[in-house]
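The values are calculated or read from the model by the stated rules, or taken from the named source; none is laboratory data. This structure is a prediction, so every number in the text was calculated from the model and none was measured. Cβ placement follows ideal geometry from the backbone for every residue including glycine, while neighbour counts extend to all protein chains displayed. Calculation scope for accessible area: heavy atoms of the full protein, side chains included, ligands and nucleic acids excluded. Shrake-Rupley method; radii C 1.70, N 1.55, O 1.52, S 1.80 Å.
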Amino acid sequence: MIVIRLDRVRKEYPRHRHLTRGLKQSLLHLPDLIRSMSADRFFALDDISVEVQKGEAVGIIGANGSGKSTLLGLIAGVIGPQSGTVEVRGRVAPLLELGAGFHYELTGYENIVLNGVLMGLTRREVAARLEAIVAFSGLESSLNEPLRTYSSGMVARLGFSVAVHLDPDILLIDEILAVGDTHFQARCYDRLDEFRRQGTTFVIVSHALSEIRYLCDRVVWLAGGKIMMQGKPDEVIAAYEKS
Amino acid sequence: MATQAVVTPSARPLAYLVDLILVLVQKDMKVRYKSSWLGYAWSVANPLLFTVVYYIALGVFLRFEIPGYPYPLFLIAGQFPWQWLASSIGGGPMAFINNASLIKKVRFPRNIIIVSTVLGDAIHFLLTIPVTLLVLLWYGRTPSWSWIPGIPLLVLAQFLTVYGAALAVASVNVFVRDLERLVALFIQALFFLTPVIYSVHVVPVQYHVWIKLNPVAPLIRAWQKLLLDGYLDPLLVGAAYLSAVACLVVGTLVYRALSPRFAELV
């Protein structure tokens, strides 16, 4: 079953979004301005078609600015395409940023609830998972303290702990695998393996090619908003490393 | 050109949206009160301070009077609702921009941000009603039973008005950042053109049409009548709801048109 289908998706951004010349100059040169605004665009994604099967783990690699994060943003539904269609079936956990909405004045517990609800759980669902989240984080002793007293590693651990308890059908991951100390990282990988066994679909953006090789069934290599190559991890990664 | 994105995320039942709003309002409240000692006092202090200033400048120095009411009492009745209106609409332009990371990284209905900030301001307003009550008693007047239906009715009208206006300016400000300054100026001007520090009765009759055209004047006047006289004026309430619906419709249309591109621009 196909759970993610992108069909000839284009996403373009104008280069200038603000009036750089000031209002008067802009008004005096209005035709120029409009012409330059419509001409000066670049394609973040240009005619991309990708399908992902249920339970598949797809890695996305490519240089900075090649369109990887835009692709994840489209699947997550935070941005829309210029043309083409994006279809996604199932509950998506977009881990584009750990601890979305975390507030540094609130305690760890309060942030778990805030983040969990923002990521799509009801308060009751968060309460039901609270114990598991706390245990996974290994931060019991600090959870009554405000987040500003945490180290950045602890914040990331807390964010990741909520993230892996969202029970998603589709997990979108943007460069957030390597958090915490080696001990905690091992626990993260265990948890991701568990997700894979349960048939969760993965889309992972990462520059850590060893992670991609370890987790993914298929790799898509993006360059300049186009698909350069896709296929078995070893082959695509080898070609990418040579380029 | 087919530009429609068919995204089917998990269904968002009402219960979830309620939870989302609740959690965001709670966050605002906790953050606002957590590291300040005086907490509640601050949200009352600001309008009270200005009430005192207006009373000294206008009531004492310029010897301005409102027939039928002690001037400080009259000021209080309009000042608190105005404070809510000004802080919700004034905070509107930055509401989406301040939540840029959420808008870029999490999928949820973005207007919920506005719902929760306006709701937070509404709660602050409700917390000021005891102060109004105290001032009323101080001047030997009593509250009226009409407050019981009247306050919720006017709170709803004001919520819709302010939500619609804030939603519109928040959405537009993502694209045109100058709006923030314009809104601040506009609110200041509107304050003096709305009967908050004076009543309609002292305005010469030939100018009444301008007050009638002011979209927030019926609301503020309805508050004054309710809080001072215990009278829920059906004409003013009707007019307030008319402009509430207008604000809501405009705000929603603007938001619908602009929100698909928020994540690219905030």
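Considering only residues of the range B:230-259 that are farther than 19 Å from B:A166 by Cα, outside any loop (DSSP other than H, G, I, E, B) and free of Cβ contacts under 8 Å to residues at least 60 places away in the same chain, which is most open to solvent (accessible area, probe 1.4 Å)?
Within the range B:230-259, the match that is most open to solvent (accessible area, probe 1.4 Å) is B:L235.
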- Sort out which residues of the range A:82-117 are within 8 Å of chain B (Cβ to nearest Cβ), among the small types (G, A, S) and closer than 15 Å to A:F160 by Cα, and write them in order of number. A:A100, A:G101
- Query: Which members of the range A:50-69 meet the condition of being open to solvent by less than 20 Å² (accessible area, probe 1.4 Å) and polar (S, T, N, Q)?
  - Reply: A:S66
- For the range A:97-123 the number of residues that are open to solvent by less than 30 Å² (accessible area, probe 1.4 Å), assigned to a helix (DSSP H, G or I) and among the hydrophobic types (A, V, I, L, M, F, W, C) is 4
- Message: Can you say whether A:R123 is more than 9 Å from chain B (Cβ to nearest Cβ), basic (K, R) and more than 20 Å from the chain's Cα centre (by Cα), as far as the supplied structure shows?
- Response: no
- From the list A:I60, A:I75, A:I79, pick out the single residue that is touching a residue at least 40 places away in the same chain (Cβ under 8 Å) and either closer than 22 Å to B:K30 by Cα or within 8 Å of another protein chain (Cβ to nearest Cβ) (or both). A:I79
- Task: Hey, can you tell me all the residues within the range A:126-170 that are farther than 26 Å from A:R196 by Cβ and free of Cβ contacts under 8 Å to residues at least 40 places away in the same chain?
- Result: A:A127, A:E140, A:S141, A:S142, A:L143, A:N144, A:E145, A:T149, A:S151, A:S152, A:M154
- Given the residues B:A41, B:A57, B:A15, B:A100, which is the only one that is open to solvent by 30 Å² or more (accessible area, probe 1.4 Å) and within 14 Å of chain A (Cβ to nearest Cβ)? B:A15
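What residue, of B:V266, B:V205, is away from chain A (no Cβ under 14 Å) and β-branched (V, I, T)?
The conditions single out B:V205.
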- Task: Would you point out the residue of the range A:136-188, among those that are in contact with a His (Cβ under 9 Å, 6 or more places away or on another chain) and either in a loop (DSSP other than H, G, I, E, B) or under 24 Å from A:L71 (Cα atoms) (or both), that is least open to solvent (accessible area, probe 1.4 Å)?
- Result: A:G138
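Considering each of A:S161, A:S152 in turn, give the residue that is under 26 Å from A:L106 (Cα atoms) and over 19 Å from the mean Cα position of the chain (by Cα). So that I can check it myself, show each step before the final result.
On the way: A:S161 fails: over 19 Å from the mean Cα position of the chain (by Cα).
Being under 26 Å from A:L106 (Cα atoms) and over 19 Å from the mean Cα position of the chain (by Cα) holds for just one of A:S161, A:S152, which is A:S152.
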- Query: For B:V52, are the conditions met, namely being in contact (Cβ under 8 Å) with a residue 60 or more places away in the chain and either within 21 Å of B:L228 (Cα to Cα) or surrounded by fewer than 16 Cβ atoms within 10 Å (Cβ to Cβ) (or both)?
  - Reply: no
- Note on the structure: Over the range B:68-97, the set of residues within 14 Å of chain A (Cβ to nearest Cβ) and either over 20 Å from the mean Cα position of the chain (by Cα) or β-branched (V, I, T) (or both) is B:I97
